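Every read-out reported here was derived from the displayed coordinates using simple, explicitly stated rules and does not represent laboratory data. Just so you know, these numbers come straight off a predicted model, no measurement behind them. Cβ placement follows ideal geometry from the backbone for every residue including glycine, while neighbour counts extend to all protein chains displayed.
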Amino acid sequence: MKNYVLSNTRDSKKEYKKVINQTCSAIVKSINSEKSYAGPTPQELKEIVKQETILPENGLGYEKTFEKIKDKVLPNLLRPSSSDYMAHLHGASLLETLSSELIISTFNQSMDSWDQSPVATEIEVETINELCKLYGYDSLADGVFTSGGSQSNQTAIILARDWFCNEVLNHDVKKFGLPANFSKLKMYTSEISHFSMEKSAHILGMGYESVVKVPVDSKMKMDIAALKDLIQKDKDAGNIPYLIVGTVGTTDFGSIDDLVELSKVASENNMWLHADAAYGSGVILSDKYKNRVAGFELCDSITVDFHKMFLMPISCSAVLVKDAKDFEALTIHADYLNRTEDEEDGYTNLVDKSLQTTRRFDALKVWTSFQVRGKDGWAKLINTSMENAQYLYKKLCEDENYDVITEPEISSVVFRYVDKSLSDEENDTLNKKIRRTLIHQCGTIIGQTVSDGKVYLKFTLLNPLITSDKLGELLALIKILAKM
Ligand SMILES: *Cc1c(COP(=O)(O)O)cnc(C)c1O
């Protein structure tokens, strides 16, 4: 390649276009079937990618290297936009957001300070304001884009801890670190909440033991009576409850904790309430089902993931906070980056709210896609995904060979094939085998999890291209595989 980067010369523009167009053609050509995966096993892939070095003495040049990409990489990539991919909360990318991605990486704005992202900063601010409105917050609220739901949750837990220590314990964590009685601090979340709770508790120096797991009811929602009981018992034992995390869409089942009830418990006990809506945040855009996620406005903070239900490329997530003042926990000034005089003169430095410093301009994807689709377009997308799950649940319930755990509230259905002549363990093995065969022989990827000690399969139906016919065919295929 003659040019290093895209500049204002005619030559570099020509080369940029050539590279991008060539990439585009190769991508389109590589998608040669509806399957989500070509099928190689881990061992076969190791063979395919094996080479002496990826850092040769003399560069191979772009054309030769790109041939390898076409040959080894593109055909073996997972295709999450295939309607045969329904394993995880990770999915297709809406077309308009791919255009945004090209702009994001070509211009490479960094969202930490205004002088690295002038208009991008203003777009993120505007997008965050719209999101705060969407989730029912008023003008005191604020938020920031993050690398994902895990980071959004961690940010919220930091803000909750700092608020509690400052306001209730009268202890400045930012300055002095954790209070002496830190091991008494407890957060409460359901036993099936996301593992980023424990991970964050550990990273923040409070440890797994600070996370109290509250049992769930038969619908996989946090048991509120049990929560009240646990908080009271902890208080009686001298512990200090500071945070409740409700999950809006559990990772496995899509079950939704009752935010309205949780907010009553939180305010009675002077605790922070965080909603982890990494999965379920999309439901707010459904005209038909948004009442299922009532109560966001009662929470002190909310995790919203756009790379799940919202079908945007990774990464794209935000954490919203009811009272912007709480972000102070993350603000620290550096003379080389975010001077206080900037703020006074109207230059916004978003690093003041973020765990990251250098950060992507992910907000552009939301800003674009919200306008492209509008409320009506979004409602259609979200409704399709939720109604597919309702259809699948009904089909599974009608068939005595299937055991389904709970009625889906969003778009995930957890079930297991049961051969009544086999033991539980044998059925575990059978279900695992079905999933592996689907991957390597059928190019279809579905999820697997464990509930009540038994292996279950999982359909996560985010893709709007999935139809009821498709689901019917898959169930029939699973039956055939089960009998093989
Ligand atoms: C996926 C998920 C997360 C983590 O989000 P990432 O974007 O993967 O970091 C957190 N909570 C819930 C409920 C999730 O489903």
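In whole Å, what is the distance between the alpha-carbon centres of the range 119-171 and the range 42-80?
41
May I ask for the longest run of the chain untouched by trypsin sites (Lys or Arg not before Pro) that are loop-located per DSSP and have at most 14 neighbouring C-beta atoms (other than their own) within 10 Å? Present the calculation step by step, with values, prior to reporting the outcome.
Numbers: sites that count: 2, 50, 219, 288, 420.
Free of exposed loop sites, the longest segment is 51-218.
In vacuum, with every alpha carbon of the chain counted as one equal point scatterer, what does the Debye formula give for log10 I(q)/I(0) at q = 0.05, 0.11, 0.12, 0.13 Å⁻¹? Two decimals, please.
Taking Cα atoms of the chain as identical point scatterers yields -0.22, -1.03, -1.19, -1.32.
Which semi-axes, in whole Å and largest first, does the equivalent ellipsoid of the range 162-203 have when worked out from the alpha carbon gyration tensor as the square roots of 5 times its eigenvalues? Please report the intermediate quantities before stating the final value.
Details: eigenvalues 103, 24, 16 Å².
Square roots of five times the eigenvalues give 23, 11, 9 Å.
Work out which GluC sites (Glu not before Pro) in the chain are exposed loop sites (DSSP not H, G, I, E or B, at most 11 other Cβ within 10 Å) and give the longest gap free of them.
Working: sites that count: 52, 57, 400.
The segment 58-399 is the longest one with no such site.
Once the piece of chain linking residue 468 and residue 267 is laid out straight, how much longer is it, given 0.36 nm per residue of separation minus the C-alpha distance between them? Display every interim value, and only then the final one.
Details: separation 201, 0.36 × 201 = 72.36 nm, distance 4.37 nm.
Taking 0.36 nm per residue and subtracting the Cα distance, the gain is 68.0 nm.
Kirkwood Rh, the range 138-276, all Cα pairs: how many Å? Provide the component values of the computation, followed by the final result.
Numbers: mean 1/r = 0.0655 Å⁻¹.
The answer is 15.3 Å.
Two decimals is fine: what is log10 I(q)/I(0) at q = 0.22 Å⁻¹ for the range 110-158, from a Debye sum with one equal scatterer on every Cα and no solvent?
Ignoring solvent entirely, the Cα scatterers give -0.92.
So what's the range 292-366 giving for Rg/Rh, alpha carbon basis, Kirkwood Rh from the mean inverse pair distance?
Values: Rg = 14.8 Å, Rh = 14.5 Å.
The Rg/Rh ratio comes out at 1.02.
Along each of the three principal axes of the Cα atoms of the range 154-224, give the extent in whole Å, ordering the values from largest to smallest.
So the three principal-axis extents are 44, 21, 20 Å.
At q = 0.16 Å⁻¹, what is the log10 ratio I(q)/I(0) for the range 17-57, with the Debye formula run over Cα points and no solvent?
Per q value, in the given order, log10 I(q)/I(0) is -0.72.
Under 15 Å from the 7 Å Cα→Cβ point of residue 287, by amide nitrogen: which residues of the range 375-416?
Correct set: 375-384.
Compute for the range 331-416: radius of gyration divided by Kirkwood radius, i.e. Rg/Rh, restricted to C-alpha atoms, rounded to two decimals.
Taking Rg over the Kirkwood Rh, I get 1.31.
Once the dipole of the range 336-388 is set up with Lys and Arg at +1 and Asp and Glu at -1 on Cβ about the Cα centre, which of 367, 354, 383 lies farthest towards its positive end?
383
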